[in-house]
Amino acid sequence: MQPLAADTGEQIVEFSRNKTQTRVLFLIRSLEIGGAERQLLTLVRGLDKERFDVTVVSMYAGGTLEAQFRAIPGCTLRSASKSGRWDVAGFGSRLAAIIREARPHIIHGYMGGANEIAWVAGRLARARVIWGIRVSDIDFGSYTWSVGALFRTGQVLARHVDLIICNSEAGRNVHLRAGYPEARTIVIPNGIDADNFRPAAVEGALFRSARSLPADAALIVLPARLDPMKDHPTFLRAAARIAGDWPDLQFLCIGDGPPDYRASLIELARNLGLEGRVQWQPADASPRALYNAAQLVTTCSRFGEGFPNVLGEAMACGTPCITTPSGDAARVVGPTGWIVPFSDPEALAAAWREALSESPDARSSRGRSARDRILREFSIPLLIDRSERVFATLAGMP
């Protein structure tokens with residue numbers, strides 16, 4: 001197989017079309033709400049179903065996004081119904097039966113765990129294998145031993161994978177340093193649905209009303225699952241530094257996570273004197289109203305981000321963003337927002353002060369610039385075009 005160029009622009013040679021569809025099977029852990037899961041939903045919706053026969057397989061059954069996947073014309077949704085970590089034989093048998101039925105030309109893993117299983121399945125099915133890398137660096141000390149073991153397994157298997165697609169330059173660089181094959185590791189940035197994520201002031205007002213948030217109070221939102229990489233403690237400590245300057249300022253943390261970790265964060269907020277100033281809400285399957293309700297969207301990730309979807313979605317809604325430089329966050333935000341150092345509550349609070357002090361005209365202009373940046377550089381048509389050309393090229397190689 002000839003190597004694919006690391007750049008996904010015109011260097012990729014398009015595979016000549018014919019009447020035979022390319023059968024692509026996507027394998028993902030679950031269909032619960034998450035940036036990667038929603039990005040897969042966007043990709044599957046956009047693929048040309050006359051050229052691509054698409055099957056999506058979730059390792060675990062159910063999930064909040066299941067109904068949206070089922071509603072996609074031309075997409076077959078299956079589940080291998082894994083019952084737990086140690087359900088190996090039964091899961092493998094069910095997955096093998098699905099793959100035999102689908103007869104994919106390409107098996108596309110989506111994130112760690114699914115990637116490694118996709119490699120095994122691809123070898124057995126004699127299909128091309130693509131890995132989807134959605135992260136950059138990882139602080140292994142923040143997780144159990146299994147996370148590090150899985151990464152080391154990926155380092156070994158990666159040299160035998162046909163193509164590795166990272167959604168960020170930062171992720172590609174991290175994995176190249178870990179020994180991933182340079183010629184077969186490329187970048188296709190995420191695509192943001194700017195038709196869905198758009199300015200919608202009325203929806204934002206209704207969102208506030210439903211959660212008893214004052215209509216005229218400033219609102220800073222952290223849309224992130226409750227996970228150490230997202231660094232909620234820095235967000236809360238910054239909130240404590242600025243809360244006295246803006247008595248009506250409200251903070252909203254949107255995301256799910258382990259109950260014990262959630263309880264520890266709520267306790268930290270209470271100890272910082274933020275009781276009544278911070279709301280905790282589960283992940284929202286339709287976050288457009290959330291972004292429109294916010295004055296500012298913030299991410300504090302210490303590590304691990306690839307392409308942070310929430311930044312692109314908020315920007316498409318015209319909401320300015322403040323973020324740490326994890327992954328490609330700075331590349332996404334560009335000059336339209338603020339970049340602050342990792343784990344620095346004082347710097348984050350200072351950026352909030354500067355943003356909240358802008359005039360309404362300046363804030364509106366910044367919001368328009370943010371949306372224009374997404375339309376210009378991170379649109380869905382770009383994602384679909386780049387992905388289709390890569391899939392067709394890979395399927396057509398001897």
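Rule-based calculations on the coordinates, nothing more; no lab input. Since we're looking at a predicted model, the values are computed, not measured. Positions of Cβ are backbone-derived with ideal geometry, glycine not excepted, and every protein chain shown enters the neighbour counts.
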Label points 7 Å out from Cα along the Cβ direction at ALA89 and SER359: separation in nm?
7.4
Candidates LEU236, LEU31, LEU272: whichever shows maximal mean-square fluctuation once the chain is modelled as a Gaussian network with Cα springs under 10 Å
LEU272
Treat the count of other C-beta atoms within 10 Å as a stand-in for reagent exposure and order HIS108, HIS175 from fewest to most.
HIS175, HIS108
Virtual paramagnetic centre 7 Å along Cα→Cβ of ALA215, amide N under 19 Å, in segment 192-206:
200-206
Dividing the convex hull volume of the alpha carbon atoms of segment 251-300 by its residue count, what do you get in Å³ per residue?
91
Projected label distance in nm at ARG126 and ALA61, using a 7 Å step from Cα toward the beta-carbon
3.3
C-alpha center-to-center spacing [segment 351-398, segment 105-126] in angstrom:
29
Give me the distance in nm between label points sitting 7 Å out from Cα along the Cα-to-Cβ direction at THR76 and PHE151, one decimal.
3.7
For segment 277-308 and segment 174-219, what is the separation of their Cα centres, given in Å?
8
Would you kindly state how much longer the chain becomes between ASN196 and ARG262 on full extension, computed as 0.36 nm times their sequence separation minus their alpha carbon distance, in nm to one decimal?
20.7 nm
Apply the Debye scattering formula to segment 201-377, with a single equal point scatterer on each alpha-carbon and no solvent, then give log10 I(q)/I(0) at q = 0.18 Å⁻¹.
-1.22
Please arrange LEU40, LEU348 by counting, for each residue, the other beta carbons lying within 10 Å of its beta carbon, fewest first.
LEU40, LEU348
Quick note, segment 291-368: a/c under 1.5 would make it rounded; otherwise a/b > b/c is prolate and the rest oblate (a ≥ b ≥ c, C-alpha gyration tensor); here it is oblate
Burial ordering of VAL390, VAL147, VAL333, fewest other beta-carbon atoms within 10 Å first:
VAL147, VAL390, VAL333
Taking only the Cα positions of the chain, the convex hull volume per residue in Å³ is 136
Quick check on segment 85-126: take the gyration tensor over C-alpha atoms, sort the square-rooted eigenvalues as a ≥ b ≥ c, and tell me if it's rounded (a/c under 1.5), prolate or oblate.
oblate
